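Everything below concerns the one structure shown next.
Every number here is computed from the coordinates shown, using simple stated rules; none is lab data. Bear in mind the structure is a predicted one, so any value in this text is a computation, not a measurement. Neighbour counts run over all protein chains shown; Cβ positions are idealised from the backbone, glycine included.
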Ligand SMILES: [Zn+2]
C-alpha cells in the first residue's frame with residue numbers, strides 16, 4: 001500500500017483545535033477528568049467522529065468511540081489514547097493518538113471502503129491521575145478492572161468526590177463490561193523521552209512497558225549539636241542515606257540499561273545547618289522490563305541498605321507504595337508492526353517504554369501494541385512538548401499500515 005493524499009495540514013490543525021479545550025490561557029493544556037474543558041473536548045471529538053463518517057458513542061464511564069463497522073462484525077480492532085492531560089500539559093500527550101486514530105480510520109475508509117473487521121478509535125476518559133488520585137479510569141473500565149467500592153473515598157483537591165463528579169457529568173459505572181470482543185488495541189503516543197530523537201529514528205516499536213516499583217525509605221538517627229558531637233558519637237541519618245543512595249546508583253549503573261533507579265525526593269528532619277540530621281526520608285523509583293532482574297536488583301540494594309544501617313546504628317524502614325510488573329506487548333502485533341516498518345523502509349527502532357500508558361492496562365485482557373514518535377529533547381508533561389510534523393505523519397502512516405493489515 002502506498003500512502004499518498006494524506007492530509008498532514010489537517011492533522012496539524014485538528015491537534016491545534018482540540019488543544020483549545022483547556023489550553024487557552026497560554027500555560028499549556030489543563031484538561032482534567034469531567035471538568036468543562038474535558039466535556040468540551042469529548043463533545044468536539046464526538047462531532048468530529050461523526051463528520052468523518054464514524055458512528056460516535058459514549059460508554060457508561062465517559063470513554064468516547066468512533067466506529068467504522070466491518071462486514072465481519074464479530075471483533076473490533078481498536079486504536080486511540082487518552083483525552084485528559086496533566087496540569088499545564090502539552091498538545092500531543094494522549095490527544096495525538098486520538099486524532100491520529102480518527103484520521104487513519106477515515107483514510108482507510110476513503111481508500112478501501114468497508115473493512116472486514118470493525119475499526120474503532122477510542123478517546124479514553126482518563127489516564128493521568130491529574131484530578132483524582134486514581135489513574136487509568138478509561139482503560140481500566142474497558143478491561144473491566146474497576147470496582148465501584150474502590151471509588152467511594154476518592155476526592156479531588158477541592159474536596160469533590162469522584163462519584164459526585166462522575167454522576168454530575170451524566171456518566172456512571174460500567175454496566176456492560178466485556179460486551180465487545182476487542183481483537184487488538186494499538187496505541188500511538190509520543191515517546192516522552194529522548195531516545196528516538198538522539199538515535200534519529202521516526203518510529204519506536206515498543207516491545208515492553210517497564211515495571212515500576214516505588215518506595216519511601218526512612219532512615220532514623222539522632223538529631224544532635226553540630227559542634228559538640230564528635231564524628232564517632234553521631235547517628236547521622238543523612239550520612240547513612242547518602243551512602244545508601246550511592247550504593248543504589250552504583251549498583252544500577254553496574255546492571256546497566258534498561259534498569260533505572262531514581263531518588264528524586266529527600267526530606268531531612270530537622271533540616272537545619274547546625275544540627276546533625278535526626279531523620280532522612282527519601283524516595284526510590286526503580287524500573288525495568290524484566291521482573292526477575294528487577295527483583296534481583298531490589299533484593300541486593302535492600303540488603304546493602306540494611307548493612308549500612310546496622311553498621312551505622314541507624315533505624316531503617318522501607319515502605320513500598322507502587323508495585324507494577326513489566327508488561328510485554330503482544331508478540332504477534334509487534335511483529336506485524338515491525339514487518340510493516342521493514343517493508344515500507346521506515347526509520348524505526350525497537351524499544352521499551354519507560355513510562356506507563358493505557359496500553360499496559362489494555363494488555364491485561366487484549367492483544368496490545370504501542371508505537372512511539374519522537375519527543376523533541378524528550379520533553380513531555382510540559383507546554384514545550386513538541387514533535388516535528390514529519391514524524392507525526394510517519395506515526396499516522398504506520399498506524400494506517402497496521403490497521404489495514406489487521407482489519408482489511
Ligand atoms: Zn499519555
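Some points to look at:
- To the nearest ten degrees, helix 8-19 and the longest principal axis of the Cα atoms of the chain are 60 degrees apart.
- Beta bridges per DSSP with both ends in the range 1-150, % antiparallel, nearest 5: 55 percent
- Summary value for the range 208-273: 26 percent relative contact order, contacts being C-alpha pairs under 8 angstrom separated by 6+ residues.
- Between residue 310 and residue 116, the contour length at 0.36 nm per residue exceeds the Cα-Cα span by 63.3 nm.
- Averaged over residues, the count of other Cβ atoms within 10 Å places the peptides 220-230, 274-284, 43-53 in the sequence 274-284, 43-53, 220-230, highest first.
- Normalised by the number of residues in the chain, the mean separation of alpha-carbon contacts (under 8 Å, six or more apart) gives a relative contact order of 22 percent.
- Taking the centroid of alpha carbons for each part, the range 59-88 and the range 208-232 are 46 Å apart.
- Between the range 148-163 and the range 308-350, the Cα center-to-center distance that results, in Å: 30 Å
- Listed from fewest to most Cβ neighbours within 10 Å, the set 325, 317, 236 follows the order 317, 325, 236.
- Cα centroid separation, the range 369-396 to the range 96-124 (Å): 20 Å
- Annotation: peptides 121-129, 371-379, ranked by per-residue average of other Cβ atoms within 10 Å with the highest first, follow the order 121-129, 371-379.
- Mean ellipticity per residue at 222 nm, deg cm²/dmol - from DSSP H runs of n ≥ 4 across the chain, formula -39500 (n - 2.57): -11000 deg cm²/dmol
- Extension gain, residue 39 back to residue 347 (0.36 nm per residue minus Cα-Cα distance, nm): 107.1 nm
- Rounded to the nearest 5, the antiparallel percentage of DSSP beta bridges internal to the chain is 65%.
- Against the chain, whose longest principal axis is taken from its Cα atoms, helix 95-112 shows a tilt of about 20°.
- Cα gyration tensor shape of the range 105-201, rounded if a/c is under 1.5, else prolate or oblate by comparing a/b with b/c: oblate
- In terms of its C-alpha gyration tensor, the range 316-387 comes out oblate, because a/c is 1.5 or above while a/b does not outweigh b/c.
- Highest to lowest packing among 11-20, 251-260, 139-148, scored as the average C-beta count within 10 Å: 139-148, 11-20, 251-260
- 357, 207 arranged by Cβ crowding within 10 Å, fewest neighbours leading: 207, 357
- Degrees separating the helix 237-255 axis from the principal Cα axis of the chain, which is the longest one: 50 degrees
- Mean separation of Cα contacts under 8 Å, 6 or more apart, over the residue count of the range 211-323: relative contact order %: 46 percent
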